[in-house]
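A short worksheet on the structure shown next.
The values are calculated or read from the model by the stated rules, or taken from the named source; none is laboratory data. This structure is a prediction, so every number in the text was calculated from the model and none was measured. When we count neighbours, we look across all protein chains shown, and the Cβ atoms used for this are built from the backbone with ideal geometry, even at glycine. Calculation scope for accessible area: heavy atoms of the full protein, side chains included, ligands and nucleic acids excluded. Shrake-Rupley method; radii C 1.70, N 1.55, O 1.52, S 1.80 Å.
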Amino acid sequence: MFFFAKCVIEEINSDPDFGLELLKRLKFLALISIGFLVMQLIIGLGFTFYAALNTNTNTGAESTFRYPSFFHDAQKYAQYLAMSSFLFFIDTDRTKVRSNIYKLTLFLIMVIGLILSGGRAGFLGMCCGLAFLFLTGRNKYKMLGLLGIFIASFLIITFADKIPLLNRSETVDESYEIRNRYWQQALNIYEDNTILGIGIGNYRNYVAAYSPDQFWLLENGEILFFDHPESGYLKFLIEFGLIGFCICMLFFIIPIGSFVIEYIKTKCYTPFFLIASVISFLVSFITVYTLSDYRIAVLLIAVICVLIKSRNVFEDIC
């Protein structure tokens, strides 16, 4: 992933238009995922690349399912859509400026896909990204946001009984209790390995040896030990230790902080949509670890790299 990031940054250095082309391709892939989701709505969840989907695709409510599109896990798809949705507010063609209605329509399509995925963490991440844009945005973006909220609220109220996000078998409190139990067990591991951690990628091996009650029981009776404690931050903290975790967080803090300083000089607002995308990831990462899926890892790295080089990429379109 570091090699990929280095390649992206060097390519943007040599050709700033590559950054726009990269964002354009990411938006195209997000729309492809919506097309895949539509096929699942028509044909059923048997339309997938996987022999079996994650059990969370069944909400527990009668005739209500969570749709993961071309992902295995609906939670990961929700995070993917939350991150991708903000990219549709960015013009990726220097010669053609899309209307605000066009951008808002595509954004709402992403929101509908996210709602059908039933991912609460992804939905919360998207809401936090929108809140960030409300606080920092210009008036026209605030008006667009209010219009989007009105339309989304209307759809949710009208079709509440058919929306997976609102028809999960477990309540928010129950979901929290389950995760909190995993988090407390993970924190006990961290207390024994505070500074240097247990080693990158060792969580599953560690719990198999020292905390064997952390496992999933698969449908075929096979036991699969956890490879993360239902939190990306806790996984990093435990495996990297405190020192490694702080260094890891700098990969998010420095690009965002550098752009804010740059914005004071250039007043280029467009990269704020990239920051909103990163914020949506950071919020949903609290309750789900998703970087094991390279589709999300590539999306995150690409967004951060374009943010780092935003002055070059958006020089003519701010």
**Sequence-separation-based contact order of region 184-318, relative, with Cα cut under 8 Å and 6+ spacing, percent** = 25
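Please give the peptides 76-82, 107-113, 44-50, 234-240 ranked by average Cβ packing (other Cβ atoms within 10 Å per residue), highest first, as a rough proxy for protection. Can you show the working numbers first?
Working: 76-82: 31.0, 107-113: 20.6, 44-50: 12.7, 234-240: 22.6.
The packing order, highest mean first, is 76-82, 234-240, 107-113, 44-50.
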**Message:** Need one number: nm distance between label points at Lys6 and Phe47, each 7 Å from Cα along Cα→Cβ, rounded to one decimal.
**Reply:** 4.2
**Neighbourhood charge, 10 Å Cβ-Cβ cut-off, centred on Thr92 and excluding it, Lys, Arg +1 and Asp, Glu -1** = +2
**Request:** Can you tell me the relative contact order of the chain? Whole percent, Cα pairs under 8 Å, sequence separation 6 or more.
**Result:** 23
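Can you give the accessible area per residue of the chain, in Å², using a 1.4 Å probe?
Details: 15970 Å² over 318 residues.
Dividing the accessible area of the chain by its residue count gives 50 Å².
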**Request:** Provide the gained length on full extension for the span Asn312 to Leu250, in nm with one decimal, where the gain is 0.36 nm per separating residue minus the Cα-Cα distance.
**Result:** 20.1 nm
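Would you mind calculating the gained length between Ile223 and Thr105 on full extension (0.36 nm times residue separation, minus the Cα-Cα distance), in nm to one decimal?
Numbers: separation 118, 0.36 × 118 = 42.48 nm, distance 4.40 nm.
Answer, rounded to one decimal: 38.1 nm.
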**Item:** Modelled label reach - Phe134, point 7 Å along Cα→Cβ, region 279-305 residues with backbone N closer than 18 Å
**Value:** 279-281, 283-284
**Prompt:** Ordered by packing density, taken as the mean number of other Cβ atoms within 10 Å over each peptide's residues, highest first, how do 205-215, 120-130 rank?
**Reply:** 120-130, 205-215
**Fill in**
Taking only the alpha-carbon positions of the chain as identical scatterers, the Debye log10 I(q)/I(0) at q = 0.10, 0.12 Å⁻¹ comes out as -0.61, -0.88
**Asked** Which value at 222 nm does the chain reach when only helices count, each DSSP H run of 4 or more adding -39,500 (n - 2.57), with the total divided by all residues and rounded to the nearest 500 deg cm²/dmol?
**Response** -21500 deg cm²/dmol
